[in-house]
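See structure below.
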Amino acid sequence: MANRRQFLAGGGAAFASLGLVAPAIAQGAKPRVVVIGGGAGGATAARYIAKDSEGKIAVTLVEENANYQTCFHSNLFLGGFRDYASIQHSYGNLPRQGVNVIRARATVIDRDKKEVVLSNGQRLPYDRCVVSPGIDLRYDSVPGWSKAAEDAMPHAWKPGAQTRLLKRRLDAVPDGGNIIMIAPPNPFRCPPGPYERVSMMAHALKRTGRTRSKIFVIDPKESFSKQGLFQEGWEKHYAGLVEWLGPKIHDGIKSVDPKTNTVVTGFETYRNAALVNVIPAQWAGAIARDSKLANDAGYCPIKPESMQSTMDPNIYVLGDSAIAGDMPKSAFSANSQAKVAANAIRGELTGSRVFPARYTNTCWSLIETDDTVKVGGTFEPKDGKIASVTPFISKTGEPADLRKQTQAENMGWYAGIIADMFG
């Protein structure tokens, strides 16, 4: 019986591969796509499926938040380079582009019935489902820290109230007060993100004359993204303000105490910090894990040619929750993956042409005013994974005008991806 259900569940893909259509479509009903998560992956996928199918596919986006706050550029908000309103965006344009937006939380995917179950009890049938829920935090990954402690020691690694809380706490650090950042282990959302955050914290301290303060970065990793570029920038702009400690130096996080803002490592105890920013280990969003789309490591394996789940041929997984080979977990990556998935889904459901998968990514990081660096490249399916093809990275010692141009690219990209996501 299980084999028969599995055969039927994969029937849509089988029909599409033969250039045919599934029975429900042949009878005149529009094929249905339900997209879970309205971020850079989900919103882009919903918009492109609706737009490029020219109304031939019924697209529903399920998102529990009324507005979308970007994690990308939230560090610029911390540093005072953006205001909070500028990183908030409305879903209001999507219905005008053929996307039915439902404000609710998706609680589980009933894969046998091909239905998404919502927190209000509604069940949404689908022919294909796109899952793009971002990451969840592993609250037990830092000894002594927990969900209950996230206000005392904020993470601000998921958008919204935590972002604003971290900004208030940063602004309240007194001159001479220390900041402790506990950086996350791999893999995690936005590999350069913690270190851009350190730069923006240091900028805020320096700009307001709090130069007796210090930021200690306690990192479980031996190295990190753009390390040479960040450390060059910290020495140039923030000499004495930032100290990065790798695992051979601190010998691991032994415990934290949210009541006293104390962090104990194998080497030293940091007591009464003015601010402790805990960025814990991460895994795929709960809906992906609960729906058995993730592996034992907590992330979702996909087919590199399409972002199709290896666990279920009717489901595609995008962005931070996916195991995307050499591609980092970033908004740019999710946006790029969404277009590949949208093309594949449209082809399966309407018989239109499917183009070979090509992926791109760039991650910009602001170190100081008009001093921005980047890393990225192009990617293609190869040897069973999404493989890097043409990588690039900024160089140390670049001239100021090039760094200023890179920051202009950064701001232009932000405006462009928002338009691409929401229209």
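The values are calculated or read from the model by the stated rules, or taken from the named source; none is laboratory data. Being a predicted model, the structure only gives us computed values, none of them experimental. Neighbour counts are summed over all protein chains in view; Cβ atoms, including those assigned to glycine, are modelled from backbone coordinates with ideal geometry. All accessible areas refer to the heavy atoms of the entire protein, side chains included, with ligands and DNA or RNA removed. Shrake-Rupley method; radii C 1.70, N 1.55, O 1.52, S 1.80 Å.
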- Report the residue count in the stretch 204-222 for those that are in a helix (DSSP H, G or I) and open to solvent by less than 20 Å² (accessible area, probe 1.4 Å). 2
- Query: Out of all the residues in the stretch 341-381, which are among the hydrophobic types (A, V, I, L, M, F, W, C) and part of a strand (DSSP E or B)?
  - Reply: Cys363, Trp364, Leu366, Ile367, Val373, Val375, Phe379
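Of the residues that sit in the stretch 87-110 and are in contact with a Leu (Cβ under 9 Å, 6 or more places away or on another chain) and open to solvent by 30 Å² or more (accessible area, probe 1.4 Å), which one is farthest from Ala45 (Cα to Cα)?
Initial filter on the stretch 87-110 (in contact with a Leu (Cβ under 9 Å, 6 or more places away or on another chain)): 87, 91, 94, 99-102, 104-107, 109.
Now drop any that are not open to solvent by 30 Å² or more (accessible area, probe 1.4 Å), which leaves 100-101, 105, 107.
On the way: Asn100: 13, Val101: 13, Arg105: 18, Thr107: 20 Å.
Within the stretch 87-110, the match that is farthest from Ala45 (Cα to Cα) is Thr107.
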- Message: All but one of (1) open to solvent by 10 Å² or more (accessible area, probe 1.4 Å); (2) outside any loop (DSSP other than H, G, I, E, B) hold for Lys292; state the number of the condition that does not hold.
- Response: (2)
- Mind listing whichever residues of the stretch 122-132 are open to solvent by 40 Å² or more (accessible area, probe 1.4 Å) and either assigned to a loop (DSSP other than H, G, I, E, B) or in contact with a Phe, Trp or Tyr (Cβ under 8 Å, 6 or more places away or on another chain) (or both)? Gln122
- Message: Being hydroxyl-bearing (Ser, Thr, Tyr) and crowded, with 17+ Cβ neighbours inside 10 Å narrows it down to one residue among Ser146, Ser119, Ser141; which is it?
- Response: Ser141
- Restricting the stretch 1-51 to residues that are at pLDDT 95 or above and farther than 15 Å from Pro95 by Cα, the residue that is surrounded by the most Cβ atoms within 10 Å (Cβ to Cβ): Gly41
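Could you grab me the full set of residues in the stretch 75-86 that are aromatic (Phe, Trp, Tyr), over 15 Å from Trp157 (Cα atoms) and either surrounded by 15 or more Cβ atoms within 10 Å (Cβ to Cβ) or without any contact (Cβ under 8 Å) to a residue 12 or more places away in the chain (or both)? Walk me through how you get there before you give the answer.
From the stretch 75-86, those aromatic (Phe, Trp, Tyr) are 77, 81, 84; that's our starting set.
Subset that is over 15 Å from Trp157 (Cα atoms): 81, 84.
Result: Phe81, single match.
Yes/no per residue for (1) touching a Gly at 6+ places or on another chain (Cβ under 7 Å); (2) in a loop (DSSP other than H, G, I, E, B); (3) modelled with pLDDT under 95:
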site	(1), (2), (3)
Gly240	no, yes, no
Trp244	no, no, no
Thr260	no, yes, no
Val276	no, no, no
Pro280	no, yes, no
Trp283	yes, no, no
- Message: Which residue is most open to solvent (accessible area, probe 1.4 Å), if the candidates are limited to the stretch 223-281 and must be of a type in the set (Phe, Trp, Tyr) and either more than 23 Å from Thr211 (Cα to Cα) or without any contact (Cβ under 8 Å) to a residue 24 or more places away in the chain (or both)?
- Response: Phe267
- In the stretch 75-88, is there at least one residue being in a strand (DSSP E or B) and more than 23 Å from Ala415 (Cβ to Cβ)? no
- Is there a residue in the stretch 372-390 that is at positive phi, acidic (Asp, Glu), surrounded by fewer than 21 Cβ atoms within 10 Å (Cβ to Cβ) and free of Cβ contacts under 8 Å to residues at least 40 places away in the same chain? yes
